[in-house]
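S.K.: One structure is given below, represented as structure tokens, and several questions about it will come after.
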Amino acid sequence: MKALAAEGPNATELGRDARSERWMLFGLSLPALLLVGLVVVLPIAWLFLLSFQTEGGAFTLANYQRLIDQPSYRRILAMTFEISLTVTAMCIVLGYALAYLLAQLPRRVAGVLMLGVLMPFWTSILVRTYAWLVLLQRDGLINVIGEHLGFWQKPLALVYNMEGTVVGLVHIMLPFMVLPLYNSMRAIDRDYVRGAANLGAGPIQVFWHVYLPLSRPGLFAGGTITFILCLGSYVTPAVLGGGKIVMAANGIAGDVELYFSWGPASAFGVVLLVITLTILFTASRFARLDRIFGGGA
Amino acid sequence: MTPSPTDARPQQKGLPIRVRQVSKTYGRAVALDQVDLDVQSGEFLTLLGPSGSGKTTLLMVLAGFVRPNQGSLHFGERDVLRLAPHKRGVGMVFQSYALFPHLTVAENIAFPLKLRRVPRPEAMRRVEAVLDLVQLPDFGGRGVDALSGGQRQRVALARAIVFEPGILLMDEPLSALDKQLRERMQIELRALHDRLGITTVCVTHDQREALTMSNRIAVIDRGSIIQLGTPKEIYDRPSTRFVADFIGESTFLPVTGSGGTFRLGAQALKLEGYTPPPGANLLMLRPERLALLPEGAPGPDPRYNVITGRVTDIVYQGESVLVQIRLDDGGTVAARVSSARAALGAVPVPGASARLAFAPEDMNLLCGEAG
């Protein structure tokens with residue numbers, strides 16, 4: 001290709017137009033940039049700073065040393081991962097089935113049923129969590145019905161423990177799993193399934209060799225986002241865990257509220273942030289990040 | 001495919017297909033209306049019709065993806081009507097090709113072999129052989145996304161025939177290709193079919209494709225087979241106005257008469273050797289079958305019918321020139337003159353008088369609505 005003449009007719013004016021257009025676009029995104037800087041970047045930088053300071057303000061690594069020395073932090077971290085993995089696994093099982101059902105239905109019917117998935121999504125987490133408390137507690141609806149029908153004699157401990165927390169979290173996280181899965185299943189051309197069947201694959205083989213691999217991007221996106229959101233959950237373990245379930249966010253809150261120890265809390269927060277970013281970074285090597293977060297409605 | 005000495009498997013003969021009284025309705029819409037069809041062993045049969053005619057529905061019934069409301073269906077001696085698609089053992093080329101994007105070319109082609117538990121070395125050999133056959137050697141390791149449209153088409157074909165099915169179904173196999181490639185693939189598919197002897201049913205709305213590739217064509221409209229015959233029969237002697245309109249260009253002129261004599265205006269048509277269907281009321285003329293007689297030239301063979309008129313318009317269309325002529329007896333016909341002849345001055349100017357000649361085998365009489 002021939003090099004563009006720098007001094008063709010109107011070259012300077014057109015160049016100036018292009019530059020001013022770019023400034024306009026930048027100007028439009030300025031308010032958003034300011035907001036993000038003010039309420040996200042600044043506090044995180046502050047947190048980061050605090051985690052390296054003594055109460056007097058001198059530089060120290062003691063806060064991170066404490067995370068390593070005190071077994072309670074390791075327990076919290078282990079429990080956080082255990083719950084997050086369990087919830088993600090259950091969301092995959094339940095969400096895949098639900099998304100599959102929705103993807104097979106005519107779009108209009110699927111749209112109506114999708115409202116059922118989204119409705120709780122639009123309800124406050126606090127409200128949903130207390131709703132589960134009502135259902136699961138000692139004299140809650142499930143125990144009353146179970147005893148009345150004779151399934152069990154004594155009230156079951158359904159809440160204020162790991163089980164209750166997982167149930168609540170699964171319910172809250174399910175839409176984040178279903179939406180990307182549903183989108184990725186809708187994108188699977190019916191001809192792929194028909195083609196596989198035509199070539200001799202029975203329903204199970206079609207699923208295993210074709211449908212599952214083709215829905216993997218949705219599975220991956222849903223799994224990643226569910227797991228990351230679980231890591232940071234606070235309200236649900238606080239309410240349904242009855243104090244016995246302390247996840248990372250609860251631990252941090254405890255440090256601040258009970259002991260006013262900002263240093264250790266900040267250090268723990270930084271560790272959690274680093275873990276989250278590491279997972280996101282790893283995930284981004286396998287799938288595009290905008291796909292992971294673009295899975296929503 | 002070059003059969004190696006070890007490849008002693010007998011060439012599987014194509015299976016005949018027998019369709020009887022197959023109907024399919026969607027709500028009130030009738031997609032197939034009591035269709036009967038016999039496809040012979042090794043035949044290349046094309047289902048040709050406009051969109052919504054039911055041709056694809058019929059193909060999907062054969063593949064097992066559409067369950068008809070009634071009827072019977074046999075591949076050879078085998079009743080397959082209620083058999084699931086994966087048990088029918090037919091190859092199929094989808095309009096979208098349906099190549100699995102998460103598998104390589106070789107994995108796609110080996111897919112049906114894997115399902116049939118063909119041992120790996122044997123499967124690899126057959127994949128290579130079939131890739132040679134569709135002229136894509138060394139493409140096995142490529143991803144499907146890296147292929148051009150024509151290459152995908154070949155891979156889809158390779159995958160459909162690698163397990164040596166007795167029947168091959170094709171749903172608009174060439175519609176996604178550009179015109180030049182499409183025409184080349186038509187010839188290739190035809191040659192491949194001749195070589196494999198596999199019974200082939202192809203759906204298309206492209207008349208040229210149907211004429212080029214098929215042994216026989218079934219013209220379908222509104223859920224019924226209107227006419228079934230060789231490309232020549234369908235083109236030369238369409239049985240209805242619909243078929244004549246759908247395949248090729250034609251002009252229709254009303255005729256009167258019955259039995260052995262028909263009149264176009266006052267002129268009796270010479271029919272030597274042609275028996276028109278009873279009750280025929282339309283004369284069908286194809287533009288390229290009308291000979292435009294040069295002015296002052298002697299009359300043609302006495303077998304020919306000669307009609308006269310006046311040139312109203314001349315349209316240059318590249319390889320040919322279309323001449324519109326208003327007949328002295330009323331009505332308008334179009335005659336096609338090749339560009340080569342037009343260059344020699346064989347085309348009169350608008351307003352000039354013209355004489356057109358056609359033999360009995362160049363005309364067709366049929367029943368239908370005039371207009």
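The values are calculated or read from the model by the stated rules, or taken from the named source; none is laboratory data. Quick caveat: nothing in here was measured; it's all calculated off a predicted structure. Ideal geometry is used to build each Cβ from the backbone, glycine not excepted, and the neighbour counts take in all protein chains shown.
S.K.: Just to be sure before I move on: is residue B:245 under 15 Å from the mean Cα position of the chain (by Cα), more than 18 Å from residue B:97 (Cβ to Cβ) and surrounded by fewer than 16 Cβ atoms within 10 Å (Cβ to Cβ) in the structure I sent?
M.R.: yes
S.K.: Name the pairs whose Cβ atoms lie under 8 Å apart, with the first residue in region A:165-185 and within 14 Å of residue A:133 (Cα to Cα), the second modelled with pLDDT of 95 or more and polar (S, T, N, Q), and 6 or more positions between them or separate chains?
M.R.: Sorted first by the residue in region A:165-185, then by its partner, the pairs are A:166/A:86.
S.K.: Residue B:92 passes all but one of (1) more than 13 Å from residue B:161 (Cβ to Cβ); (2) in a strand (DSSP E or B); which number fails?
M.R.: Of the numbered conditions (1) more than 13 Å from residue B:161 (Cβ to Cβ); (2) in a strand (DSSP E or B), the odd one out for residue B:92 is (1).
S.K.: If I ask for residues that are in contact with a Leu (Cβ under 9 Å, 6 or more places away or on another chain), farther than 20 Å from residue A:120 by Cα and in a helix (DSSP H, G or I), which ones from region A:130-146 would you list?
M.R.: Residues satisfying the conditions are A:143, A:146.
S.K.: Under the condition of being within 26 Å of residue A:204 (Cβ to Cβ) and surrounded by fewer than 17 Cβ atoms within 10 Å (Cβ to Cβ), which residue from region B:67-80 is nearest to the other protein chains (Cβ to nearest Cβ)?
M.R.: Ranking the candidates gives B:67 first.
S.K.: Sticking with this one: Taking the condition of being over 19 Å from the mean Cα position of the chain (by Cα), assigned to a helix (DSSP H, G or I) and within 14 Å of another protein chain (Cβ to nearest Cβ), how many residues in region A:149-196 meet it?
M.R.: Number satisfying all stated conditions: 7.
S.K.: Also: Please count how many residues of region B:276-300 are modelled with pLDDT of 85 or more and more than 21 Å from residue B:351 (Cβ to Cβ).
M.R.: Taking region B:276-300 as the starting set, the residues that turn out to be modelled with pLDDT of 85 or more are B:276-277, B:280-293.
Keeping just the survivors that are more than 21 Å from residue B:351 (Cβ to Cβ) gives B:276-277, B:280-286, B:288-289.
Residues meeting the conditions: 11.
S.K.: Here is a list: A:27, A:57, A:15, A:37. Which entry is farther than 18 Å from residue A:275 by Cα and part of a loop (DSSP other than H, G, I, E, B)?
M.R.: Among A:27, A:57, A:15, A:37, only A:57 is farther than 18 Å from residue A:275 by Cα and part of a loop (DSSP other than H, G, I, E, B).
S.K.: When residues of region B:39-56 are filtered for being among the β-branched types (Val, Ile, Thr) and either more than 14 Å from chain A (Cβ to nearest Cβ) or free of Cβ contacts under 8 Å to residues at least 40 places away in the same chain (or both), how many remain? I'd like the intermediate steps shown before the answer.
M.R.: To start, the set of residues in region B:39-56 that are among the β-branched types (Val, Ile, Thr) comprises B:39, B:46, B:56.
This time we only want the ones that are either more than 14 Å from chain A (Cβ to nearest Cβ) or free of Cβ contacts under 8 Å to residues at least 40 places away in the same chain (or both), so: B:39, B:46.
Residues meeting the conditions: 2.
S.K.: Now a separate question. Checking residue B:190 against (1) charged (D, E, K, R); (2) without any contact (Cβ under 8 Å) to a residue 40 or more places away in the chain; (3) assigned to a helix (DSSP H, G or I), which single condition isn't satisfied?
M.R.: (2)
S.K.: Restricting the search to region B:220-253, which residues are over 29 Å from residue B:26 (Cα atoms) and part of a strand (DSSP E or B)?
M.R.: Taking region B:220-253 first, the residues over 29 Å from residue B:26 (Cα atoms) are B:230-238, B:248-253.
Within region B:220-253, B:251, B:252, B:253 meet the criteria.
S.K.: May I ask you to list pairs of residues, at least six apart or on different chains, whose Cβ atoms are under 7 Å apart, with the first in region B:101-130 being farther than 28 Å from residue B:149 by Cβ and the second being surrounded by 15 or more Cβ atoms within 10 Å (Cβ to Cβ)?
M.R.: Here the result reads B:116/A:200; B:116/B:163, each pair linking region B:101-130 to a residue that is surrounded by 15 or more Cβ atoms within 10 Å (Cβ to Cβ).
S.K.: I would also like to ask the following. Which one is surrounded by the fewest Cβ atoms within 10 Å (Cβ to Cβ) among residues in region A:225-276 that are assigned to a helix (DSSP H, G or I) and among the hydroxyl-bearing types (Ser, Thr, Tyr)?
M.R.: Quick first cut of region A:225-276, residues assigned to a helix (DSSP H, G or I) only: A:225-231, A:235-240, A:248-259, A:262-276.
After this cut, where a residue has to be among the hydroxyl-bearing types (Ser, Thr, Tyr) as well, the list is A:226, A:236, A:259, A:266, A:276.
Numbers: A:226: 27, A:236: 29, A:259: 10, A:266: 22, A:276: 15.
Result: A:259.
S.K.: Looking at region B:31-66, which of its residues are surrounded by 17 or more Cβ atoms within 10 Å (Cβ to Cβ) and closer than 14 Å to residue B:222 by Cα?
M.R.: Answer for region B:31-66, where residues must be surrounded by 17 or more Cβ atoms within 10 Å (Cβ to Cβ) and closer than 14 Å to residue B:222 by Cα: B:31, B:32, B:35, B:47, B:48, B:49, B:53, B:54, B:55, B:56, B:57, B:58.
S.K.: If a residue must be within 14 Å of chain A (Cβ to nearest Cβ), out of contact with any Phe, Trp or Tyr (no Cβ under 8 Å at 6 or more places or on another chain) and of a type in the set (Lys, Arg), how many such residues does region B:155-199 contain?
M.R.: 0
S.K.: Further question on the same structure: So residue A:120 clears everything in (1) of a type outside the set (Lys, Arg); (2) in contact with a Lys or Arg (Cβ under 7 Å, 6 or more places away or on another chain); (3) not in a helix (DSSP H, G or I) except one condition, right? Which one?
M.R.: (3)
S.K.: Taking the stated definitions as given, is residue B:138 without any contact (Cβ under 8 Å) to a residue 24 or more places away in the chain, on the phi > 0 side of the Ramachandran plot and away from chain A (no Cβ under 14 Å)? If you could, list the steps in order and put the result at the bottom.
M.R.: Working: without any contact (Cβ under 8 Å) to a residue 24 or more places away in the chain: yes; on the phi > 0 side of the Ramachandran plot: yes; away from chain A (no Cβ under 14 Å): yes.
Yes.
S.K.: For region B:99-126, which positions are under 23 Å from residue B:173 (Cβ atoms), within 13 Å of chain A (Cβ to nearest Cβ) and part of a helix (DSSP H, G or I)?
M.R.: If the condition is that a residue be under 23 Å from residue B:173 (Cβ atoms), within 13 Å of chain A (Cβ to nearest Cβ) and part of a helix (DSSP H, G or I), then B:107, B:108, B:109, B:110, B:111, B:112, B:113, B:115 are the ones that fit.
S.K.: Keeping to region B:88-98, report how many residues are within 15 Å of residue A:206 (Cβ to Cβ) and more than 7 Å from chain A (Cβ to nearest Cβ). Write out each step before concluding.
M.R.: Pass one, region B:88-98, residues within 15 Å of residue A:206 (Cβ to Cβ): B:88, B:92, B:94, B:98.
Right, trim to more than 7 Å from chain A (Cβ to nearest Cβ) and you get B:88.
The total comes to 1.
S.K.: Here's another thing I want to ask about it. Counting only residues that are among the polar types (S, T, N, Q) and surrounded by 22 or more Cβ atoms within 10 Å (Cβ to Cβ), which one in region A:203-224 is farthest from the other protein chains (Cβ to nearest Cβ)?
M.R.: That would be A:224.
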